[in-house]
Amino acid sequence: MREGDIGAATETPARPKEHGPWGRRIDERLHRKEYRQQADEDQRHSTRFFPCPSCGADLRFDPGTANMICAHCGTEAEVPHVDDAVAQLENCYHFYLGKDTGAMAEEEAPSIDCNGCGASIEFHPDEHSRICPFCDGAIVGDVRMQRRIVPQAVLPFKLIEQEAQEAMRHWLKSRWFAPNDIADEAKADHFHGIYVPFWTYDAYTDTDYTGARGRRVGSGKNRRTVWTNVSGNVTGGFDDVIVSGSKSVSAEFKDALAPWPLRELETYQTEFLAGFRAENHLIGLKEGFAKAQVYMRAVITDWIKRDIGGQRQRINSTYTRFSKETFKHILVPVWITHYDFARKTYRLSVNGHTAKAYGERPFSLWKLIAGTTAMMLGAGVIGFLVSAVPWAG
């Protein structure tokens with residue numbers, strides 16, 4: 001941001017006089033809508049400029065195609081084709097982790113950190129209004145050039161904004177305990193298209209363990225478990241264990257919007273990002289692998305229990321050796337919005353490639369009461385029928 005722009009970024013039209021809590025809520029919603037509209041206009045000026053060959057306006061990537069399109073004159077330009085094999089190339093983890101053995105390519109991007117959720121997001125220095133797509137908070141501060149690792153591959157947007165809106169409506173309609181009119185009444189002013197950073201890790205594991213196998217004997221008050229000490233070894237490989245490079249809403253994007261079709265990754269080119277924002281990774285290679293190991297060890301625990309067998313299992317100790325560790329650094333597409341319903345704001349995200357949606361939603365008190373009552377009645381009927389059966393004895 002240039003000097004003097006901070007005032008322009010925070011200056012807003014005079015607000016109407018507030019009249020208690022209701023007036024404040026209306027005022028806040030109007031203010032947020034004005035801010036979003038200005039942010040939407042700012043986002044049209046992409047941080048990556050690809051001039052239209054016909055009119056010179058900015059080309060934007062057209063989701064679901066391999067082209068960029070000019071919103072001004074409709075001219076299309078094909079994204080240059082590159083070697084697709086690079087997108088699936090597995091990089092040696094230890095080679096890049098060592099300080100003296102090489103380093104991943106880096107680039108600088110004009111970015112700003114959100115004080116609300118901690119996300120680091122691309123913004124052009126000349127943008128006047130900055131709304132964090134993750135937490136919907138206004139961002140005020142200086143844009144600075146931040147270094148980041150160049151992604152190896154990108155999963156391009158396949159859904160346009162209107163399709164993301166349809167996915168949102170479908171998701172809201174499918175919520176059993178949501179208010180009946182939520183799909184029609186929810187107001188989403190704008191969807192933010194943003195690429196979120198991920199790490200993927202591969203590894204082969206070899207685990208020695210000691211434990212015990214339990215066998216239940218006896219009946220009634222004399223029922224007990226007899227334990228037999230065991231030891232063994234389990235091995236297995238992991239492919240594309242996904243770890244979010246974001247610290248803002250990593251669990252939501254990694255798990256709730258999964259699966260991510262990683263076989264459709266494209267070799268990274270800035271043309272795929274034209275017209276969209278990108279979040280900078282805040283979790284590095286080593287920290288990401290530590291998170292991947294947490295998942296791997298949980299799976300290894302299941303392997304050990306199956307290997308022990310029996311009716312019950314105990315694990316006393318484990319020792320796991322990791323080998324053949326590889327990784328990729330990728331970007332995946334997400335549409336994010338914050339919708340208003342009954343004077344409250346909720347966040348909702350849509351997988352920009354598969355249309356899977358997930359988000360916050362209100363609950364209908366009457367549906368919750370009706371559902372709870374129905375379950376209690378059902379349990380009562382089942383209990384009555386069971387007690388009425390003339391069981392032997």
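Quick notes
- Figure legend. Inter-residue proximity from segment 81-101: first residues under 16 Å from Ile242 (Cα atoms), second residues at pLDDT below 90 and surrounded by 11 or more Cβ atoms within 10 Å (Cβ to Cβ), beta-carbon distance below 9 Å, spacing 6+ or different chains. Indicated pairs: Asn91/Met104.
- Cβ-Cβ under 8 Å pairs, at least 6 apart or on other chains, segment 250-278 side modelled with pLDDT of 90 or more, far side in a helix (DSSP H, G or I) and buried (at least 17 other Cβ atoms within 10 Å of the Cβ): Leu265/Ala87; Glu266/Ala87; Glu266/Phe272; Thr267/Ala87; Tyr268/Ala87
- If you go through segment 279-294 and pick out every residue that is surrounded by fewer than 16 Cβ atoms within 10 Å (Cβ to Cβ) and either among the acidic types (Asp, Glu) or modelled with pLDDT under 95 (or both), you end up with 3.
Yes or no, residue by residue, for (1) closer than 30 Å to Tyr209 by Cα; (2) crowded, with 18+ Cβ neighbours inside 10 Å; (3) at pLDDT 95 or above; (4) not aromatic (Phe, Trp, Tyr):
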position	(1), (2), (3), (4)
Ile315	yes, no, yes, yes
Ser323	yes, no, yes, yes
Phe327	yes, yes, yes, no
Val334	no, yes, no, yes
Phe341	no, yes, no, no
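- Some residue of segment 227-242 being farther than 30 Å from Phe322 by Cα and modelled with pLDDT of 95 or more: yes
- The number of residues in segment 228-248 that are among the small types (Gly, Ala, Ser) and surrounded by 21 or more Cβ atoms within 10 Å (Cβ to Cβ) comes to 4.
- Segment 317-358, residues that are among the small types (Gly, Ala, Ser) and on the phi < 0 side of the Ramachandran plot: Ser317, Ser323, Ser349, Gly352, Ala357
The values are calculated or read from the model by the stated rules, or taken from the named source; none is laboratory data. Every value quoted in this text rests on a predicted model; they were computed, and no experiment measured them. When we count neighbours, we look across all protein chains shown, and the Cβ atoms used for this are built from the backbone with ideal geometry, even at glycine.
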